[in-house]
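Below: the structure, in structure tokens.
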Amino acid sequence: MRSLLFAPANSPRKLEKSLETGADAVIVDLEDSIAPEGKAAARRDAAAFLKDVIPRTTRPRIMVRINGIASGLTDDDLDAIVSARPDMIMLPKAEGGAAVTHADAKLTAREAMAGIPEGSIKIVALATETATSLFLTGTFRASSPRLIGLSWGAEDLSAEIGAERNRDAAGRYTDLYRLARSLCLAGAAAAEVESYDTVNIDFRNTDLLHREAEEARRDGFSGMMAIHPSQVPIINAVFTPTKEAIEKARAIVAAFDASPNTGVVGIEGVMYDIPHLKNARRLLKRVG
């Protein structure tokens, strides 16, 4: 997935519009965009949307951001949406692998009750939204076979820390949030799952979004979350491998396949070793 677009569960208009944006995944949000008094109605809206959209043959992947386990609202969220078979849930404020294991158990019970094959609904975890979670980003490995990705968040972390802002005057994240971003990348690599960069809330600043998407791709993120439909085309363009990158990756893989007992190959005067091979295979896996 290159682009993951948030849409509030209580807005049928925005949900339907989100399907037409070109986003690889739509995140139906039951958490931060829904006021406490609107949670029950939003669950009903989410379930109705899922029941309508999931059977469609042409659609983006559909994910539901539930409320975090510590909120006490997780069970009600899952009771409302599991039977409608979303592709994934997004688990916010996930404090390490234990939180994912906990969510897995909740999903397993509800899949059984709904007659859904166990493990059908995958998990993407938001791994850095609390101070505690920063110390647990290395614990996601083997937490659940459902886990397919990690992302990170700056806004909830800012609120917990009590920071006045999380970016400097030039618009770059300050040290704590750069650390959170790096820990997300390392945690995803350790867990052998994909990593997705966080949202840019300044959705009118297309230059900043483009810069941050380029940096995310450079650093190893698989894609990026979006909060506005206008961000999706930029994210998709940045995270779509170029023809040249694909051809280079294929050449590296072919060269190693032709010399299976070597750790280094030469292509047009440039030497490539095993790390280059791993990156080439990773790129080709993404493009299918």
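Every number in this text was worked out from the coordinates using simple rules, so none of it is lab data. Quick caveat: nothing in here was measured; it's all calculated off a predicted structure. Because the Cβ atoms are built from the backbone with ideal geometry, glycine has one as well, and the counts that use them run over all protein chains shown.
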>> Which one, THR206, THR108, THR262, has the greatest fluctuation when you compute a Gaussian network model over the chain with C-alpha springs under 10 angstrom?
In response: THR262
>> Whole angstrom only: what separates the Cα centroid of segment 73-90 from the Cα centroid of segment 4-39?
In response: 14 Å
> Hey, if you put +1 on the Cβ of every Lys and Arg and -1 on every Asp and Glu Cβ in segment 3-239, which of VAL124, TYR173, LEU50 ends up farthest toward the positive end of that dipole?
Replying inline: LEU50
> Cross-link list LYS14/LYS243; LYS17/LYS285; LYS122/LYS285: which exceed 22 angstrom alpha carbon to alpha carbon?
Replying inline: LYS14/LYS243; LYS17/LYS285
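When the convex hull of the Cα atoms of segment 3-239 is projected onto a plane and the area is averaged over all directions, what value comes out in nm²? Kindly include the intermediate steps, with their values, before the conclusion.
On the way: hull surface 48.1 nm².
Taking a quarter of the hull surface, the average projection is 12.0 nm².
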> Quick one: what do you get for segment 142-288 if you divide its Cα Rg by 2.2 N^0.38 Å?
Replying inline: 1.22
